[in-house]
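What follows is a short report on a single structure.
The values are calculated or read from the model by the stated rules, or taken from the named source; none is laboratory data. Quantities reported herein were computed from a predicted structural model and do not represent experimental measurements. Don't worry about glycine lacking a Cβ; one is built from the backbone with ideal geometry, like all the others, and counts go over all protein chains shown.
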Amino acid sequence: MRYASLVVLFLAVTSAVAAEVHTQEDAKKLADELSGNVPGKAASNPVCNLFRQAEIAKYLGVAIGPGENRNVPNGIGCSWTTKDYESWVGISTYNVALPGLPKGARPLSTVGANGYLLRHVDSWETGADDGNQGIVVQVYGETATEAAATSILQETIKRRRR
């Protein structure tokens, strides 16, 4: 009798744990779908919908692929890459304001609060707050320029206000 009770208790606990794990997975899946962070569903990603593929190609000066979801902790992102992945543009929006200037960045007051410009080896990064959310733009590759990064950031801020 004691073993039967233990078996029943074990099965009950196992069922409850399995149901909780399933519920957490469903919640994450729903959150990813709502935020646009589901791989392959860039059409539902509001960041990917800010720009057409041809617009991003014009900024970078090379043929670029369609927008793809970019997994961004505490936010939403989109990337456009060349076929060989030698050049790309990434836009990330965060649910919180940026914490301040990254090390080595210079202030960029023309784009808003906490605006900055940062040069990496093969890329440029710009960022700013649009009021209550942070936006970061990265352009990478031989054709990446300060002007492209800054222009994409300014246009992103403008289009998000619409």
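Every residue, every condition in (1) surrounded by fewer than 21 Cβ atoms within 10 Å (Cβ to Cβ); (2) in contact with an Asp or Glu (Cβ under 7 Å, 6 or more places away or on another chain); (3) not in a helix (DSSP H, G or I), yes or no:
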{"site": "P102", "(1), (2), (3)": "yes, no, yes"}
{"site": "G115", "(1), (2), (3)": "no, no, yes"}
{"site": "Q154", "(1), (2), (3)": "yes, no, no"}
{"site": "R162", "(1), (2), (3)": "yes, no, yes"}
(message) Please verify whether V96 is at pLDDT 95 or above and either assigned to a strand (DSSP E or B) or farther than 24 Å from T143 by Cα (or both), treating the condition exactly as stated.
(response) no
(message) Going residue by residue through the stretch 136-146, is there one that turns out to be closer than 21 Å to K58 by Cα and of a type in the set (F, W, Y)?
(response) yes
(message) Any residue that is surrounded by fewer than 18 Cβ atoms within 10 Å (Cβ to Cβ) and more than 14 Å from the chain's Cα centre (by Cα) - is there at least one of those in the stretch 127-141?
(response) yes
(request) Could you list, in sequence order, all residues of the stretch 140-155 that are in contact with a strand residue (DSSP E or B) (Cβ under 7 Å, 6 or more places away or on another chain), touching a residue at least 24 places away in the same chain (Cβ under 8 Å) and β-branched (V, I, T)? (result) T150, I152
(message) Pull out all pairs, ordered by first then second residue, where Cβ-Cβ is under 7 Å, the residues are six or more apart or on different chains, the first lies in the stretch 113-124 and is free of Cβ contacts under 8 Å to residues at least 40 places away in the same chain and on the phi > 0 side of the Ramachandran plot, and the second is of a type in the set (G, A, S) and not in a strand (DSSP E or B).
(response) N114/A97; N114/G100
